[in-house]
Amino acid sequence: VTVGNPVCDDLMQTFDFRISEPPSVMLDSIPDFCGTGTFTPSATYSDTAFIDSVRWTFPALSMPVTTSTEYDPGEITLSETGIHEVQVVVYNGCGVDTASRTFQIFEAPVLDIALDTNFVCRGDSLGVINNSMGDSLSYSWQAPMGIEIVGQGTASPVFVANIGQGDYTITVTVGNPVCDDLMQTFDFRVSEPPSVMLDSIPDFCGTGTF
């Protein structure tokens, strides 16, 4: 602005001001983890010159922080299994924007599997006792040809031993979407009812020795 009068020198003064828009933020995806998650969260911001403040919120028990006001908060580590959320909020005088991402830390498989017997007769069935632990476990069972698997892909299938007598092995592979697969084998025997034939015994006179 220029201010003057008919005889005095003009005076001038300037005033700076800013025109802004509500801020925006996009949070990059976070992968799932097995057991422990270590990641570096990152976000895409609208012009940071027009953002007054930023606030990150991480799951409880995150290390080294659970909140941050930095644009790039650095590496975060979390060892608590479950589904978690990371959130970032940006502010200025025109508004607020929020972005969040969820991810899961899976409990790794811990196998506790056994057959209910390691001996069956031909045509009989073997069951599975399964007390394994872990998140979203998947099962893949393999058995020799001639053994029917009833419930393939389940935690406790039944195996029908329509196969000749002998010693055999069943194998299971257990995994979940992010943890390494684990494998276990089980040995068992298939038998048939025994049979016996007794050779003939001759007749004797007085005393028999045979």
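Assorted remarks:
- Convex hull (Cα only) mean projected area of the chain, reported in nm² to one decimal: 21.0 nm²
- Viscosity 0.890 mPa s, 25 °C: Kirkwood-radius Stokes-Einstein D of the range 100-146 over Cα pairs, µm²/s: 178 µm²/s
- Here the 3J(HN,Hα) profile of the range 135-150, calculated from phi with Karplus coefficients 6.51, -1.76 and 1.60 at θ = phi - 60°, is 8, 6, 6, 10, 10, 10, 9, 10, 9, x, 4, x, 9, 7, 9, 9 Hz, Gly and Pro shown as x.
- Left without a cysteine partner by the 4.7 Å Cβ rule in the chain: Cys8, Cys94, Cys121, Cys205.
- Remark: the chain carries a charge dipole of roughly 380 debye about the Cα centre, counting +1 on each Lys and Arg Cβ and -1 on each Asp and Glu Cβ.
- Burial ranking of peptide ranges 168-174, 2-8 (average Cβ count within 10 Å, highest at the top): 168-174, 2-8
- Under the shape rule built on the C-alpha gyration tensor, where the axes satisfy a ≥ b ≥ c, the range 124-204 is prolate, since a/c reaches at least 1.5 and a/b is greater than b/c.
- Among 189-198, 92-101, the order from most to least packed when residues are scored by Cβ within 10 Å on average: 92-101, 189-198
Values quoted throughout were computed directly from the atomic coordinates according to the rules given, and no laboratory measurement underlies them. Here the structure is a predicted model, which means the values were calculated and not measured. Every residue, glycine among them, receives a Cβ derived from its backbone with ideal geometry; neighbour counts consider all protein chains shown.
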